[in-house]
């Protein structure tokens, strides 16, 4: 009796998990969010994604420029060095103006409430 009940619960949970994952995949394919967000929350989330993408692109560009710098010679190396320094300063100013979520959390943790 108990073994049959355990087998039934095992089967039922597997079917439930399969149905839930099927629904989740269908929602993802249709572009439907599982949670509803206000317009402000959506704007914040989009801004965070955009900022993260900008940071990834800036880091990739910096790495590529450093690789070009290592292989360059003469005046081209000097120009690339100046461009890298300028890009680093520009990115530092931009990152200072728009802190990451981790930096915001650190600031909130450090500030008295």
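Reported count of residues in the stretch 33-50, each being assigned to a loop (DSSP other than H, G, I, E, B) and either surrounded by 10 or more Cβ atoms within 10 Å (Cβ to Cβ) or touching a strand residue (DSSP E or B) at 6+ places or on another chain (Cβ under 6 Å) (or both), is 2. The residues of the stretch 51-66 that are without any contact (Cβ under 8 Å) to a residue 24 or more places away in the chain, over 18 Å from the mean Cα position of the chain (by Cα) and surrounded by 11 or more Cβ atoms within 10 Å (Cβ to Cβ), listed by number, are 65, 66. Take the residues in the stretch 74-113 that are within 24 Å of the chain's Cα centre (by Cα) and not in a helix (DSSP H, G or I); name whichever of them is modelled with the highest pLDDT. Filtering first and then ranking leaves 98.
The values are calculated or read from the model by the stated rules, or taken from the named source; none is laboratory data. From a predicted model like this one, the values you see are computed outputs, not experimental measurements. Cβ sites come from the backbone with ideal geometry, for glycine too, and all protein chains shown count toward neighbours.
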